[in-house]
Structure formats: structure tokens, C-alpha cells
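Some notes on the structure that comes next.
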Amino acid sequence: MKYDCLIVDDEEMLANSTKDYFNLFQVNTYVVNSYKECIEFLKENDAELILLDINLKDGLGFNLCKELRSTTNIPIIFISARNTDDDKIIALNIGGDDYVEKPYSLGVLLAKVKAVLKRFKKDESKDFNDGHLRIDYINKEIYVDNNLVKLTSIEYKLLAYLANNSKRLVSKDELFINVWQDKFTQDGTLNVHIRKIREAIENDPNNPKYIITVWKEGYRFEGESK
């Protein structure tokens, strides 16, 4: 079966109440309570988005995220009572798209999930291709010299948005609103994702050719499709 959202959380009461709330608003949601259950579930089912706790009864959500990222770009939002900056930085660096602290508001979390689901629907735009970098908008895939490279779903969305606004200065606020759909996203989060994109697509990430930083303002994409 295919679900909109998969919740991976061993706090069963919270997970089930979140599932019931999401289903009430037509976000088809399923719950598993462990690392192993998640892997087994995804062998037989699909999900458009995963809500992932860090502390699971049979492993760390961080390790599960790394395993999932080896095969899929599905959006992953961490949900955790752990609230240190180090945890948030790790979550973003290993492929997480967002981080929501517990206890969370069901309404706010639902709004975030709906925004992500809407954001990652297929875009039927023409591919960007300059011979080195290709952005396949239909399949949401990135190729460098014809080799598939792995980006998280939010990194893909960020690169695609910049590429679709080529040669124009895109402010940080514009990226926060149109990519994250959250004006309260922090600069540090954006910087981490930009760095990861550069490492994936640039020949020299320290001297970028595609994503140019405009100091204190935002970014400009300099690529040009052939």
C-alpha cells in the first residue's frame, strides 16, 4: 500500500494520536514503533514522507536515516524530545529535511507535513542540463556527468528552486518561504543545505560555479541549460 506519512516512533500513545489526527484531515498515515518495523514496512509499502524519532527501542533514528538515505530521497522530518543544536545539526547533515521538537502541536506538525507533501509533488518542467549538471524535475533526480548523485528531498527542492530562478538574486527570506514555507527557518539550516549541494554538484565546492553567495543577501544560480 501507499501512505502519505509513516511515523516511526516508540512512544506508542503519541504516535497513534498523531496518526489518528492526520487521518482525520485526509493525510493517510501509518505507525511503526521500531527501526526493524520501519525497514520491514518499506519492503512492502510506500510512504511519501517519514516522521522519525531519534531514540527508538532497537536503535537510533540517526542510523535509520542514514540507511534510508542510501536508497531513497523521501522527505524525513525528525521528531524528538532531544533539543540540542548538535542533534539538529547531525539530523540535517545526515539527510533530514526538518527537525521538530517534542512536545509538538498536532496542528503545526500537520501543517508542516501537508506543506512538504505539496512541495514534493512531481514538477513537469523541462530538465535543466548544461552537459555537466542535469536536474530531472519529473523524477526529482540530480546527475553530475551522467552519474546519479544523492540529495535529500529538501536539498533537491532548494537546488531546483534556484535553478528555476537562474541568474536572479534569490534572497534568504524567499528561500525560507518558498522552499521551506516557513519564514522562521534559520540561516544555519540554509547554510548546511547549500554546503551539501555544493559538495554534490561542484567540481570545487570552495570555489562554486553554480550557486554563488551574495553576501548577507542570498544566492544566485549561474548555470545555464543548453
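Remarks
- Gain on full extension, evaluated as 0.36 nm per residue between Asp46 and Asn23 minus their Cα-Cα distance, stands at 6.6 nm.
- Calculated FRET value between Thr213 and Ile177, using beta carbons and R₀ = 25 Å, to 0.05: 0.85
- Per-residue [θ]222 nm for the chain (sum of -39500 (n - 2.57) over DSSP H runs n ≥ 4, rounded to 500): -11500 deg cm²/dmol
- DSSP beta bridge pairing in the chain, given as percent antiparallel to the nearest 5: 50 percent
- Volume per residue for region 128-221 equals 92 cubic angstrom (convex hull of Cα atoms).
- Across region 68-84, the residues whose backbone nitrogen lies under 14 Å from the label position 7 Å along the beta-carbon direction of Glu101 are 79-84.
- Within region 2-119, percent of DSSP bridges classed antiparallel, to nearest 5: 10 percent
- Working ranking of peptides 46-59, 204-217 by packing, defined as the average number of other Cβ atoms within 10 Å per residue, highest first, is 46-59, 204-217.
- The Cα-based radius of gyration and maximum Cα-Cα distance (Dmax) for region 2-119 are 12.8, 35 Å.
We did not get these values from a lab; they are worked out from the coordinates using the rules stated. All values reported here derive from a predicted model rather than from experimental measurement. Here the Cβ is made from the backbone with ideal geometry for all residues, glycine too, and neighbour counts use every protein chain on show.
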